[in-house]
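See structure below.
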Amino acid sequence: MLETGTKAPDFTLADQNGELHSLSDYKGQKVVLYFYPKDMTGGCTSQACNFRDLYPQIREKGAVVLGVSKDSVESHKRFEEAHGLPFTLLSDTELSAISAYDVLRPGKNGKPAKSLIRSTYLIDEDGIIIKAFGGVKPKENAAQMLEEL
């Protein structure tokens with residue numbers, strides 16, 4: 001995990017519609033940046049739907065939500081449509097942002113890391129990490145972030 005008070009690494013990733021987004025595009029807004037393991041799985045669906053349900057309140061607090069996983073753009077599109085997700089899902093198949101934010105679980109016995117640590121960062125309007133949470137609980141994460149805002 002990255003430390004609070006540090007500059008959030010910039011990235012450019014494709015969203016569920018194939019459009020590119022950079023973290024720097026959101027300068028001047030707070031960003032809830034959450035990393036999750038896989039589209040359409042129980043915990044990830046619960047987490048995304050909770051962010052969906054609280055999204056209007058999160059927006060009222062001046063923040064946007066960006067979800068990141070290593071799933072494809074097409075997988076993200078199906079996930080968005082199946083659950084009516086109003087926020088941006090970013091595809092990181094090359095693990096560039098996932099690695100930069102240090103959210104890969106270490107592999108065992110020298111094997112490469114494959115799984116993500118469910119993690120959420122709150123980034124301020126100037127791109128500074130003001131809160132960092134690792135191993136978050138899917139059902140509680142959205143409410144936790146709303147409270148932090």
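The values are calculated or read from the model by the stated rules, or taken from the named source; none is laboratory data. The structure presented is a predicted model; accordingly, all values stated were derived computationally and were not measured. Please note: Cβ atoms are built from the backbone with ideal geometry, for glycine as well, and neighbour counts cover all protein chains shown.
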Item to check | Out of TYR26, TYR101, sole residue that is crowded, with 18+ Cβ neighbours inside 10 Å, within 18 Å of LEU2 (Cβ to Cβ), at pLDDT 95 or above and within 13 Å of the chain's Cα centre (by Cα) | outcome: TYR101
Item to check | Residue that is surrounded by 17 or more Cβ atoms within 10 Å (Cβ to Cβ), out of contact with any strand residue (DSSP E or B) (no Cβ under 7 Å at 6 or more places or on another chain), closer than 20 Å to ASP15 by Cβ and at pLDDT 95 or above, where the choices are LEU146, LEU85 | outcome: LEU85
Next on the checklist: For segment 133-143, which positions are part of a strand (DSSP E or B) and either out of contact with any strand residue (DSSP E or B) (no Cβ under 9 Å at 6 or more places or on another chain) or modelled with pLDDT under 95 (or both)?
Outcome noted: GLY134
Checklist entry - Restricting to segment 79-94, what's the tally of residues that are closer than 11 Å to PHE35 by Cβ and out of contact with any His (no Cβ under 9 Å at 6 or more places or on another chain)? => result 1
Checklist outcome for this item: If we keep only residues of segment 104-128 that are aliphatic (A, V, I, L, M) and touching a Gly at 6+ places or on another chain (Cβ under 7 Å), then the residue modelled with the lowest pLDDT is ALA113
Checklist outcome for this item: Picked from segment 55-71 (must be over 21 Å from PRO9 (Cα atoms) and surrounded by fewer than 16 Cβ atoms within 10 Å (Cβ to Cβ)), the residue nearest to the chain's Cα centre (by Cα) is ARG59
Next on the checklist: Where the second residue is β-branched (Val, Ile, Thr) and in a helix (DSSP H, G or I) and the first is touching a residue at least 12 places away in the same chain (Cβ under 8 Å) and lies in segment 57-83, which pairs have Cβ atoms under 7 Å and are six or more apart or on separate chains?
Outcome noted: VAL65/ILE58; VAL68/ILE98; LYS70/ILE98; HIS83/THR45
Checklist entry - Which of the residues that make up segment 1-52 are hydroxyl-bearing (Ser, Thr, Tyr), over 11 Å from GLY67 (Cβ atoms) and assigned to a loop (DSSP other than H, G, I, E, B)? => result THR4, THR6, THR41
Checklist entry - Among the residues of segment 114-132, is any farther than 28 Å from GLY18 by Cβ, basic (Lys, Arg) and assigned to a loop (DSSP other than H, G, I, E, B)? => result no
Checklist outcome for this item: Listed by first then second residue, the pairs whose first member lies in segment 131-146 and is within 19 Å of ARG52 (Cα to Cα), whose partner is part of a helix (DSSP H, G or I) and not hydrophobic (A, V, I, L, M, F, W, C), with beta carbons under 6 Å and at least 6 positions apart or on separate chains, are PRO138/GLY43; PRO138/SER46; PRO138/GLN47; LYS139/SER46; ASN141/GLN47; ALA142/ASN50; LEU146/GLN57
Checklist entry - Out of (1) touching a Cys at 6+ places or on another chain (Cβ under 7 Å); (2) farther than 17 Å from SER115 by Cα, the odd one out for GLN57 is which? => result (1)
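The rows are residues; the columns are (1) part of a loop (DSSP other than H, G, I, E, B); (2) in contact with a helix residue (DSSP H, G or I) (Cβ under 7 Å, 6 or more places away or on another chain).
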residue	(1), (2)
ASP71	yes, no
LYS77	no, no
PRO86	yes, yes
ALA97	no, no
ASP102	yes, no
